[in-house]
Amino acid sequence: MVFWRFVISLPVMVGACYAAGRRLTWELIRQMALPSVLFSYSFITSFLSYQKTSIVNASLIGSLQPALLLAVAPLLFKTRTTIRQILFGLVALAGVAGLVLGAGEGGGSSFTGDLWAGITLLLWTGYFIWAQRVRGAGHHPLEMLAAVFVVSFVVTTPVTLATSHDVGSISWRTAVACRARRASRAAPPTKRCR
């Protein structure tokens, strides 16, 4: 579904960029290339983590991004971190570690899936940091997101074609319908939309 997500969202994001009077330039695409690759692979690894561990574990591990940013912010953004922030970050880390390690290998949890969730956390945090650096150069968020989706589509298409045996079994209409069904939450997922 990562591939179809980008197929659907690419024209929406590029259209929103131009509708808002913004431009998508090759220079911005070049500047957003690394963050976009990190963004793309964070989607791929998050889907892998959801297949290998419980949604709870994957979500809890992902929720550590603020604590991870707290650790690197003073170095990258020249911000001050207070003792109180560090203590709360350590409490969050200990809480998540206790819950994830306490889950063990039962209930759909697995070390491999938790590892994929940790990789997702690192990739997403890397995307966030690099995107902040590009944003600091004065680019509008819509331009940046349009560039991210262009590069992400280019990155995920070969990965999908190389690893998926059923990418052609779903039409673009079905992909749009599944996305709309999930967004509305009005109806339970069908077998095709899972």
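Of the residues L38, L101, L60, L34, which single one is at pLDDT below 80 and closer than 18 Å to I119 by Cβ?
Details: L38 fails: at pLDDT below 80; L60 fails: at pLDDT below 80; L34 fails: at pLDDT below 80.
When all the criteria are applied, what remains is L101.
Out of the residues in segment 1-46 that are of a type in the set (V, I, T) and open to solvent by less than 30 Å² (accessible area, probe 1.4 Å), state the one that is farthest from Q132 (Cα to Cα).
V2
I'd like the residue in segment 135-170 that is assigned to a helix (DSSP H, G or I), over 13 Å from V7 (Cβ atoms) and open to solvent by 50 Å² or more (accessible area, probe 1.4 Å) and, out of all such residues, is modelled with the lowest pLDDT.
Checked segment 135-170; the qualifying residue modelled with the lowest pLDDT is S169.
From the list T25, T112, which one is more than 21 Å from the chain's Cα centre (by Cα), modelled with pLDDT of 85 or more and not hydrophobic (A, V, I, L, M, F, W, C)?
T25
Do we have A71 as open to solvent by less than 40 Å² (accessible area, probe 1.4 Å), within 29 Å of H140 (Cα to Cα), free of Cβ contacts under 8 Å to residues at least 40 places away in the same chain and assigned to a helix (DSSP H, G or I) here?
no
Which residues, counting only those in segment 8-39, are hydroxyl-bearing (S, T, Y), more than 19 Å from G126 (Cβ to Cβ) and in a helix (DSSP H, G or I)?
Within segment 8-39, the subset hydroxyl-bearing (S, T, Y) is 9, 18, 25, 36.
Narrowing further to those that are more than 19 Å from G126 (Cβ to Cβ): 9, 18, 25.
S9, Y18 - these are the residues of segment 8-39 that are hydroxyl-bearing (S, T, Y), more than 19 Å from G126 (Cβ to Cβ) and in a helix (DSSP H, G or I).
For A117, work out the one condition from (1) within 23 Å of F39 (Cβ to Cβ); (2) of a type outside the set (V, I, T); (3) open to solvent by 70 Å² or more (accessible area, probe 1.4 Å) it doesn't fulfil.
Only one criterion in (1) within 23 Å of F39 (Cβ to Cβ); (2) of a type outside the set (V, I, T); (3) open to solvent by 70 Å² or more (accessible area, probe 1.4 Å) is unmet by A117, namely (3).
Tell me whether segment 76-90 contains one or more residues that are in contact (Cβ under 8 Å) with a residue 40 or more places away in the chain, more than 20 Å from the chain's Cα centre (by Cα) and open to solvent by 40 Å² or more (accessible area, probe 1.4 Å).
Checked against the condition, which is being in contact (Cβ under 8 Å) with a residue 40 or more places away in the chain, more than 20 Å from the chain's Cα centre (by Cα) and open to solvent by 40 Å² or more (accessible area, probe 1.4 Å), segment 76-90 yields at least one hit.
Has segment 95-110 got any residue that is within 24 Å of F39 (Cβ to Cβ), open to solvent by 80 Å² or more (accessible area, probe 1.4 Å) and part of a helix (DSSP H, G or I)?
No.
The values are calculated or read from the model by the stated rules, or taken from the named source; none is laboratory data. Fair warning: this is a prediction, and the values are worked out from it, not measured in the lab. Cβ coordinates were reconstructed from backbone atoms using ideal geometry, including for glycine residues, and neighbour counts include every protein chain displayed. Quick note on the areas: whole protein, heavy atoms, side chains included, nothing else; ligands and nucleic acids left out. Shrake-Rupley method; radii C 1.70, N 1.55, O 1.52, S 1.80 Å.
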